[in-house]
Amino acid sequence: MHRRDLLRTAPFLLAGPLGFSLAARPGHTATKGASRMRTAICAYSFRTPLESKALTYADLVHMAVEQEIDGLDLTVYWFPSTGDDFLLPLKRLAYRNAVEIYSISIRTDLCRPTPREQARELQEIRKWIEVAHRLGAGHIRIFGGDTPPGASLEQAADWAVSVLGRAAEESGRRGVILGLENHGGITARAETMLGILERVDSPWVGINLDTGNFLQDPYGQIEACAPYAVNVQVKTRVTNPEGKPVPADWGRILQTLAAAGYKGYLALEYEGEEDPVATVPRYLRELKGLAARYGA
């Protein structure tokens, strides 16, 4: 029996607080052994100064050096260009400063109902796969999108599986992993995300785990997703049972990641009200200490 068919007939392992997980298999989970965590800066933390051009992406490289941070997750929204005149000098600067541009974060909507719309979405993703490849980034953060009006969640998930599967074929040819983020819409719940991941069945697809985006049972849903995380964007807040933002328990989150054997980056994504240039370094120091404790 083909591996895909076997997995479809095998029962889910009833593990984790949601009673749902993928059957363990190569490609969807990290290699065995102790966790290994490295720190990163998510460019989205500096969205206002990047948009106003008060800060550049090159400045983020220098900031990583100053704060002794390992990598950069570059949100692409404010790239001045996708040409080599911008990408290659940035790549060289990062390399010469021992900072890894390991990820780029893009906007996508996988819930495209028609073949023409799906083809356009794939073309856009293909463009960013090439950008990631030129920068040397091994990961792209993507969004699932919202259920279109008049469609069911099941239909939207079907369309997402179709687009994501074909996108993974493209990214795999370039050695780039696609991380589907829990970003509302069809990815608001871990169950739906894991179901999509099960059906795509590609070693080039995983979960971009945003620790602040689950609106219900955040720690339980983080635990369910942790074994399949290919990148983690760490936020300073989570949503409590009353629906209010409260400070995140980073120790609990990193302990969960460590228990799942997570090996990868922890990218600080600051969305608070304070000036990020002044505030982000303080959070980075805290995150570095926890990363050293839970992931050697």
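What follows is calculated from the coordinates using simple rules that are stated; it is not laboratory data. Note that the coordinates shown come from a computational prediction; the quantities given were computed from them, not determined experimentally. Here the Cβ positions follow ideal geometry from the backbone for every residue, glycine too, while neighbour counts run over all protein chains shown.
Table for the structure above
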{"read-out": "Anisotropy class of the stretch 118-223 from Cα gyration tensor, a/c 1.5 cut", "value": "oblate"}
{"read-out": "Helical mean residue ellipticity (222 nm; -39500 (n - 2.57) per DSSP H run of 4+; nearest 500) of the chain", "value": "-13500 deg cm²/dmol"}
{"read-out": "Mean separation of Cα contacts under 8 Å, 6 or more apart, over the residue count of the chain: relative contact order %", "value": "23 percent"}
{"read-out": "Nitroxide proxy distance, nm - points 7 Å out along Cα→Cβ at residue 174 and residue 68", "value": "3.5 nm"}
{"read-out": "Cα shape, the stretch 37-294, gyration tensor, a/c 1.5 rule", "value": "oblate"}
{"read-out": "Axial C-alpha extent at least 18 Å, average Kyte-Doolittle at least -1.0 - helices from the chain (DSSP)", "value": "153-173, 276-294"}
{"read-out": "The stretch 251-285-the stretch 33-61 distance, computed between alpha-carbon centres (Å)", "value": "12 Å"}
{"read-out": "Loop-exposed GluC sites (Glu not before Pro) per DSSP, neighbour cap 14 Cβ within 10 angstrom, longest uninterrupted part of the chain", "value": "69-241"}
{"read-out": "Stretch in the chain that is longest and holds no trypsin sites (Lys or Arg not before Pro) that DSSP places in a loop and that have at most 10 other beta carbons within 10 Å", "value": "54-296"}
{"read-out": "DSSP beta bridge pairing in the chain, given as percent antiparallel to the nearest 5", "value": "10 percent"}
